[in-house]
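Have a look at the structure below, then the notes.
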Amino acid sequence: MWEELITFIIQAALAYQASDIHLQLNGQRYSVQLRIHGELTTLVTLSKPDAKQLIAHFKFQSGMEIGEAKLPQTGIYKMQLAEQEVLLRISIIPDYRFYESAVMRIFTHKKAISFGNSSIFAHQPNLISTLCTDKVGLYIFAGSTGSGKTTSMYSLIRQIVSDKKFTKVITIEDPVEQFCPDYLQINTNEKTGLNYETAIKATLRHDPDLLIIGEIRDLNTARMAFRAALTGQLVITTLHANNRYGIILRLLELGITQQEIGQVLLGVSYQKIYALFVHFVMESVIAFVITIQINKPSSMNA
């Protein structure tokens with residue numbers, strides 16, 4: 001029963017290109033909602049007992065403690081749909097009544113996108129690639145949740161690896177979003193102590209040509225990313241920001257100094273997805289705009 005329901009939910013999420021699946025109590029019933037282009041849309045509703053069993057199934061399959069209903073938990077759920085493997089990064093949080101809410105971020109094996117075709121402004125991909133040809137420093141893709149930061153980052157990686165023939169590429173992610181057999185890809189695991197900070201420290205001894213950090217989330221990760229760039233690595237990462245002006249501010253809030261930013265940062269790009277309605281096509285089309293800021297050390301220290 002649960003496998004059939006989960007298959008239905010995930011197939012619907014993929015069909016509508018949803019970024020997340022939400023399972024939350026609304027009134028007397030649970031709502032299964034899809035995050036589509038930033039908006040939540042209800043797919044189905046479930047009774048409290050059915051939702052509790054569904055959450056317990058997700059817990060079991062993703063390695064969480066089934067009996068723990070008072071503390072937040074996270075896990076990874078894998079599912080094979082036809083020839084496509086789907087990963088769900090699951091976050092479960094109880095409310096004050098101990099009714100649990102689940103949010104699942106969807107990851108799939110995505111078809112590689114050419115970096116030259118990933119922006120509506122043709123000159124931007126070449127500009128970003130040029131910034132990263134020195135092989136030393138930090139480049140940041142920023143944007144809100146679900147804006148395509150990781151897709152753009154991997155598109156850039158494929159292009160510069162092909163152009164520059166990097167031989168040692170290491171990625172550190174939570175979880176790995178796009179699978180590349182030629183890269184050393186590391187899944188972080190807080191339960192075993194393999195967090196971003198620990199993984200970055202280990203990879204610096206692994207002689208990478210290119211280091212990919214899935215996301216800068218906290219001070220320790222930010223400091224390790226800047227340290228890696230200072231030791232002579234090319235580091236590419238993502239950062240959550242709601243607008244282009246918030247990128248540098250976010251780094252400063254994390255404890256990075258203006259001097260460090262001026263020394264290490266190659267540039268940043270901020271992108272946002274817009275849902276467009278195209279006449280005569282009668283369907284929603286996704287486009288995103290990238291804003292690029294090239295770092296100028298002299299202005300950063302002013």
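The values are calculated or read from the model by the stated rules, or taken from the named source; none is laboratory data. Fair warning: this is a prediction, and the values are worked out from it, not measured in the lab. Don't worry about glycine lacking a Cβ; one is built from the backbone with ideal geometry, like all the others, and counts go over all protein chains shown.
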| If you take the residues in the stretch 202-228 that are outside any loop (DSSP other than H, G, I, E, B) and over 21 Å from the mean Cα position of the chain (by Cα), which one is farthest from Tyr139 (Cα to Cα)? | Ala202
| request: Within the stretch 229-278, track down each residue that is over 27 Å from Asp209 (Cα atoms) and assigned to a loop (DSSP other than H, G, I, E, B). | output: Ala241, Asn242, Asn243, Arg244, Tyr245, Val278
| request: Give the residue, chosen from Leu40, Leu71, Leu34, that is in the same structural domain as Ser101 (by TED's automatic domain parsing), at pLDDT 90 or above and in a loop (DSSP other than H, G, I, E, B). | output: Leu71
| request: Take the stretch 35-50 and flag every residue that is touching a strand residue (DSSP E or B) at 6+ places or on another chain (Cβ under 8 Å) and either under 18 Å from Glu3 (Cα atoms) or touching a residue at least 24 places away in the same chain (Cβ under 8 Å) (or both). | output: Arg35, His37, Gly38, Thr41, Leu43, Val44, Thr45, Leu46, Ser47, Lys48, Asp50
| How about the stretch 149-194: which of its residues are closer than 17 Å to Glu215 by Cα and among the small types (Gly, Ala, Ser)? | Ser152, Ser155
| said: Six or more apart or on different chains, Cβ atoms under 6 Å: show the pairs whose first residue is in the stretch 51-64 and assigned by TED's automatic domain parsing to the domain that holds Leu87 and whose second is small (Gly, Ala, Ser). | reply: Ile55/Ala102; Ser62/Gly75; Gly63/Gly75; Met64/Gly75
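Return the only residue of Leu87, Leu81 being in contact with a helix residue (DSSP H, G or I) (Cβ under 8 Å, 6 or more places away or on another chain) and surrounded by 12 or more Cβ atoms within 10 Å (Cβ to Cβ).
After ruling out the rest, the residue left standing is Leu81.
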| said: For the stretch 3-31: of the residues being aromatic (Phe, Trp, Tyr) and not in a helix (DSSP H, G or I), which is nearest to Ile93 (Cα to Cα)? | reply: Tyr30
| query | What are the pairs, 6+ residues apart or on separate chains, where a residue within the stretch 187-212 that is touching a residue at least 12 places away in the same chain (Cβ under 8 Å) has its Cβ under 6 Å from a residue that is part of a loop (DSSP other than H, G, I, E, B) and of a type in the set (Lys, Arg)? | reply | Pro208/Lys168; Asp209/Lys168
| said: For Thr42, only one of the following conditions fails: (1) buried (at least 16 other Cβ atoms within 10 Å of the Cβ); (2) among the polar types (S, T, N, Q); (3) within 30 Å of Gln271 (Cα to Cα); (4) more than 23 Å from the chain's Cα centre (by Cα). What is its number? | reply: (1)
| Out of Lys70, Lys52, Lys48, sole residue that is of a type outside the set (Asp, Glu), touching a Pro at 6+ places or on another chain (Cβ under 8 Å) and farther than 15 Å from Arg105 by Cα | Lys70
| Just wondering, is there one or more residues in the stretch 131-150 that are at pLDDT 80 or above, in a helix (DSSP H, G or I) and not acidic (Asp, Glu)? | yes
